[in-house]
Every structure is written in C-alpha cells, then in structure tokens.
Amino acid sequence: MIWLAVPAAAAGAYYGLACVAAAQRGAGAGGRGSGEGRAPRGISILKPVHGRDPHFYDAIQTHAGQDYPEFEILFGVSDPSDSAIEDIERLKRNFPVIPISLHVIRTAAPNRKAGVLAELAKRAQHPVLLINDSDIRVPQGYLHAVAAPLEENGVGLVTCLYRAAGESTAARWEALGIATEFAPSVLVARLLGVAEFAMGSTMALKAATLREIGGFEAIEDYLADDYQLGAHINRKGYRIEFPPTVVETHLGAGTWSEVWRHQVRWSRTIRVSRPSGYFGYVVTHATLWALVAFAGGQWIAGAAALALRMMAGVWIGAGVLEDENVVRRCWLIPFRDMLGFAVWVAGLFGNTVEWRGQRLQLRSDGKITPAKAQRPQE
C-alpha cells in the first residue's frame, strides 16, 4: 500500500514550494513597489461596472483618495439605469478636484466587460492604464506601487495578489479558499516560472503596450479577460510583475448556491484557459491525499502533507495577505479543501457558465458564445 503515499508526498512537495515562494516574497518585499523616487506618470483608471455591490462606494473611494500627482477615473456602464451610477455621482461630488467621468457604453462584444474597456481605453488621457474589478479596495500608495515597475525595461504588466472578505458563512469559506488555496497556487506558479497570467484585482500597463497587442478587442471573445490580457502581453516578450501590495475584494453575503456557481464558473474558465495547469492542479489537494495515505496506513506521508498544507496556507493567508479571516478560521482549512476538491471535479464537466446576467458557452479555446436556450419540453 506504499503507493498510496505518493500523491500525499507530491502534495506535500507542492506546499513546501509554496512556503519557499512565501519566504522569497517576504525577503524581496523590502524596498520594492513603493514607487517613491520614480518619475510619476499620469494614470487612467478604467472601471467597468455592472450593478452596485454593497461595498462599491467604499471601494471606489479608496481609488479617488490616492496621493498621486496626476490620475483620472473613467467608469463605464452598459445600462444607463445601472444602480452603481448613484455612487459614481456621489464620488464626483465628494472628490471635485479628481477628473472622474461616467460613460454609458453599448457593446456587442461577447465579453461585455472587455467591450466596455475597449471604449474606455480610447477615451483615456494618460500613458498608463489601470484596470481592476469594481469591488476592489486599495491601500494608500497603491498607484505608486503599480506604476513604478512599468518604468523597468521589459515589464509589460503589473498585477497584485488579493485577499477577500465576506459577510455570510459561505462567502467567508470562499474567502478562506482564496487566501489559502488560490494565493499559494499563484506564488508556486511564479516560483516555477509560470508568469503569463494577470488577475482582475489589478492590471496596470502602458497604453502603448495595449495597442501593441491589438487593444481590448483582441480579448473580447474570451471570458477570462484578465488571464488573456496577461498571456497576450507575455507572448510579446514582456514580463509580468507582482509588487508586494495586496488589495482586497468583498464577496458580500452570498449563499452557498451562489458561491458554488461562482467557484464552478471560475474552475471551468481556468480549465479551458490552461487545461494542462488545471489537470495538474489535482496534486494540490493535500487534504484529500493525506486522507488517502491515512487510509492506506501511510501515516508519515499523510501527516507531512497535511502539516505542510496547513503551514503554507496560514503563512501565505495570514502572513503574506494579512488576512484576519485566516487567523480566526485556519482550523477550517482541511474542510474547505474538501469543498475545493468538489469544485475542481465539477469544473471538469460542462461548458456553460453564468456571468453578469448572461448564460455563456465556453469553447475549448477559451472563447465564449451565447449559450443556446433549451427547447421547452412538450
């Protein structure tokens, strides 16, 4: 039965690499990413918006309150009656010296977010573009941190790790997975030289670089616009940088069914975007493989895998991301892992997802088309 220890050993090695990656990030964080002393560049913040999240105003306020010499914020909505418009107008009143504009944009792009971004980019006034999700909260100094690496030769895009907060039990479980499962996977990928992806939490790039890849029009057929933006830029020979800055997203008070749908959509999107990485991800489910090892009497391998998994999750979640949710709920990590494995299995099957009020069909190349409506039964 010794072969039952092999998956556990592989999972333990993976989380050992996650600890190495966390240590390297901590050692390299000092003095990086602050942007102080760099020549400031004007930044256009592009914010595609679809509906109003409960903490939307708090999130956009952290952008308007940045201490940066010159920047503007462009909001784009597809619906002139979007509920977020009220908060955008409030932001304009509360920050009258910041150029803040609202644009109603009709787009036929399969990915409406990318279609809106394409129009916002055409209206941007500055040489650096910054895109992040509408619910992202950022710390002071954020604009300096993401703009500074773009001054280095060979850097084409800057993206950031993020932590999440939630108001319901289901949302807090999802946040725990982001901090202790997703973030370690990002750091391990970087450690192993897999660095062609960006995250919707932050995507900063030069407008000239965007034009070089064909604009947002080049990725408007894909659901994973953040991954595709990074991949297109990486193919041009540019590096993608991760400054030490961590941003925050708020998951609201989602129900278990909402969290499940969101997680499965995410998994299916990753599967069609990076199939080899997705199937290889099975080795990362350390809790599952530890239980398999225990069942086969391989106690040392199982215990080592579980210990390394817990150590990496707490180190990265609480230490790197500074996520208080991890500190309070670290004992739930093994249970969250089993839910994560169920999501991974569900992500293996099916090619339809629900996103921003649309039901979409995922193609094997990662592109999307509207899903065909089912014919009602007679």
Confirm whether Glu212 is acidic (Asp, Glu) and modelled with pLDDT of 95 or more. yes
Going by the structure shown, is Ala231 of a type in the set (A, V, I, L, M, F, W, C) and either farther than 25 Å from Gly280 by Cβ or not assigned by TED's automatic domain parsing to the domain that holds Leu117 (or both)? no
Which residue pairs have Cβ atoms under 6 Å apart, sit 6 or more places apart or on different chains, and have a first residue in region 177-200 that is in contact (Cβ under 8 Å) with a residue 40 or more places away in the chain and within 19 Å of Ala224 (Cα to Cα) and a second that is in a helix (DSSP H, G or I) and of a type in the set (D, E, K, R)? Ala198/Asp226; Met199/Asp226; Gly200/Asp226
Subset of region 215-267, residues among the hydroxyl-bearing types (Ser, Thr, Tyr) and in a helix (DSSP H, G or I), comes to Tyr227, Ser257, Ser267
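Here's the yes/no breakdown for (1) assigned by TED's automatic domain parsing to the domain that holds Gln61; (2) surrounded by fewer than 16 Cβ atoms within 10 Å (Cβ to Cβ); (3) modelled with pLDDT under 95; (4) not in a helix (DSSP H, G or I):
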position	(1), (2), (3), (4)
Pro80	yes, yes, yes, yes
Ile88	yes, no, no, no
Leu91	yes, no, no, no
Leu102	yes, no, no, yes
Ala109	yes, no, yes, yes
Gly115	yes, no, yes, no
Ala121	yes, no, no, no
Out of His55, His63, sole residue that is surrounded by 20 or more Cβ atoms within 10 Å (Cβ to Cβ), in contact (Cβ under 8 Å) with a residue 24 or more places away in the chain and assigned by TED's automatic domain parsing to the domain that holds Ala147: His63
Somewhere in region 213-224, is a residue buried (at least 23 other Cβ atoms within 10 Å of the Cβ), assigned by TED's automatic domain parsing to the domain that holds Pro110, in contact with a helix residue (DSSP H, G or I) (Cβ under 6 Å, 6 or more places away or on another chain) and of a type in the set (Val, Ile, Thr)? yes
Mind telling me which of the residues Gly340, Gly302 ends up being outside the structural domain of Thr249 (by TED's automatic domain parsing), surrounded by 15 or more Cβ atoms within 10 Å (Cβ to Cβ), under 23 Å from His250 (Cα atoms) and touching a residue at least 12 places away in the same chain (Cβ under 8 Å)? Gly340
Of all residues being over 16 Å from the mean Cα position of the chain (by Cα) and closer than 23 Å to Arg190 by Cα in region 240-276, which is surrounded by the fewest Cβ atoms within 10 Å (Cβ to Cβ)? Just the residue, please. Ser276
Return only the number of the condition from (1) at pLDDT 90 or above; (2) closer than 30 Å to Leu288 by Cβ that Leu74 does not satisfy. (2)
Please verify whether Gly280 is free of Cβ contacts under 8 Å to residues at least 60 places away in the same chain, in a helix (DSSP H, G or I) and either buried (at least 20 other Cβ atoms within 10 Å of the Cβ) or out of contact with any Phe, Trp or Tyr (no Cβ under 7 Å at 6 or more places or on another chain) (or both), treating the condition exactly as stated. yes
Within region 290-368, helices (runs of 4 or more DSSP H) holding 1 or more residues that are over 25 Å from Pro275 (Cα atoms), of a type in the set (Lys, Arg) and touching a Lys or Arg at 6+ places or on another chain (Cβ under 6 Å): none
Run down Ala189, Ala148, Ala208, Ala164 and say which single residue is part of a helix (DSSP H, G or I), out of contact with any Phe, Trp or Tyr (no Cβ under 7 Å at 6 or more places or on another chain) and buried (at least 20 other Cβ atoms within 10 Å of the Cβ). Ala148
So which of Tyr15, Tyr68 ends up being part of a loop (DSSP other than H, G, I, E, B), at pLDDT 80 or above and in contact with a Leu (Cβ under 7 Å, 6 or more places away or on another chain)? Tyr68
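The values are calculated or read from the model by the stated rules, or taken from the named source; none is laboratory data. The model shown is predicted, which means the values in this text are computed figures rather than measured ones. Positions of Cβ are backbone-derived with ideal geometry, glycine not excepted, and every protein chain shown enters the neighbour counts.
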